[in-house]
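Inspection log for the structure reproduced underneath, given as structure tokens.
The values are calculated or read from the model by the stated rules, or taken from the named source; none is laboratory data. These figures come from a predicted structure and were not determined experimentally. Cβ atoms come from the backbone with ideal geometry, glycine included; neighbour counts cover every protein chain shown. The accessibility values were calculated without ligands, DNA or RNA, using every heavy atom of the protein model including side chains. Shrake-Rupley method; radii C 1.70, N 1.55, O 1.52, S 1.80 Å.
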Amino acid sequence: MALGVRSEYLLAAILSSTEEALLSFGLDGTVQSWSRGAELLYGYCEPEIAGQPLSRLLPSNLSVGFNGLLYAAIQGEFPQCERAIRLRKDGSSVFVAVTRVPVRNEHGEIVGIVERGKAFTAGAAESLGEGQLKRTIDQMPMALWTTDLNLRLTSCLGAGLRSGKIRNEDLLGKSVNEYLKCQDPHTAPIAQHYEALRGVSSQFEFKRNNRVLELHLEPLRSPSGEIIGCVGAGLDITERKKTEEKMRYQATHDALTGLSNYREFLDSLEQEVRRSQRNNRSFAVLLLDLDALKSINDRMGHLAGNQALKRLSEVMKEQCRSTDLAARYGGDEFAVLLIDADPGMARQIAARVQTALRAGREQPSLSVSIGISVFPDDGRSAQELLEAADRELYQRKRTSRGRLVSARSR
């Protein structure tokens, strides 16, 4: 019993003499002992805090983490050292380096925790935050860098531009040309670095090693405002660009045939009209109508009809030039924009499409009627050209029907 009294006096002496914030709490989170150092650090005297939850010292967003600490202690495992943010009695924050040791009973079970805390400076807290930021950036598809006035790297973070097993630390002192794999000072992104040294900010996309990066460049200034280098940020947007390209393709192309759709064709036709008006160049428009599609659908079903549409689209792709634009105009109608084409070339390509379609061995046999218009002879606007091609298409279809009726009547 006397030994127990002496232990209590010894504990009281330790709590009153240490300058460190020494405290203990049970597995329910309530404070059991409180030192003079804890009072100086947190502002609470022992009667105010004893029996109260230690969570009073924690910001609200960290209380869940503290509950996890208690659960881990019950399991026999918990973090023994960490740096944390605590709240003083007056509501202000303090950065604390914390060391914890378990209190065990005679069976070796953890029944409480003794915590020793020591405040550390804002500079040390800032270093802690910088370390956390560096670890976060190094795990993301981005890069941050700074340069001096000679465009040599003074800092480098992130994995977005790093290649192979090169560490960011190994890049310090190297030129930004080497870092970005670009030697021409007059092209992106090196030119924008020189602009930043002149105080000009920029944002642009940059392709590198089959990746697309969105780069931001700003002048790096000293506390007095003097430009001392550049600060750059790069984010890998390759997947975003792929998604955007896929969405744009779906918005401008026909899902069945893969040809451009009606809207894309009209936009391109309007642009070509404006270009040809400036340059005084000719171009042609073909309107195509797949003959007897309704009959194919009625006799063989819509799958056969769709296959016929795809057969015509493949022929159009094969017979048109790479500079031309082939489109599904709507239903059984198609269109081709022939760039820099005269009437002779337009008739030649139309004949090639008709011949190739008739030569196909698949069943049913297919034929197509084609109307042609040429800028500026048949019109000087998109509407006039489409109407002229449509009139010729209608005339050819009517002639074709007349021949078919005549042949059947014999």
Counting only protein chains, not ligands or nucleic acids, how are 268, 93 ordered by accessible area (probe 1.4 Å), most first? 93, 268
Taking every other residue with Cβ under 14 Å from the Cβ of residue 362 and scoring Lys and Arg +1, Asp and Glu -1, one gets +3
In terms of Cα to Cα distance under 20 Å, which lysines are near enough to residue 89, apart from those fewer than 8 places away along the same chain? 118
Counting residues in segment 289-410 as N, plug N into 2.2 N^0.38 Å and put the Cα Rg over that result. 1.10
For a quick size check, give me the Cα extents of segment 203-335 along its three principal axes, largest first, whole Å. 82, 40, 22
Violations at 32 Å Cα threshold for listed pairs 174/246; 181/317; 317/397; 241/294 -> 174/246; 181/317; 241/294
Residue by residue through segment 304-319, which ³J(HN,Hα) values in whole Hz follow from phi under the Karplus form 6.51 cos²θ - 1.76 cosθ + 1.60 (θ = phi - 60°), with glycine and proline marked x? 5, x, 5, 5, 5, 4, 5, 4, 5, 4, 5, 5, 4, 5, 6, 8
The percentage of the accessible area of segment 235-363 (probe 1.4 Å, all protein chains present) made up of carbon and sulfur atoms, to the nearest whole number, is 48 percent
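Per residue, how much accessible surface does segment 172-323 expose to a 1.4 Å probe? Answer in Å², no decimals.
57 Å²
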Those lysines that a straight Cα-Cα span of less than 19 Å connects to residue 242, excepting residues fewer than 8 apart in one chain: 207
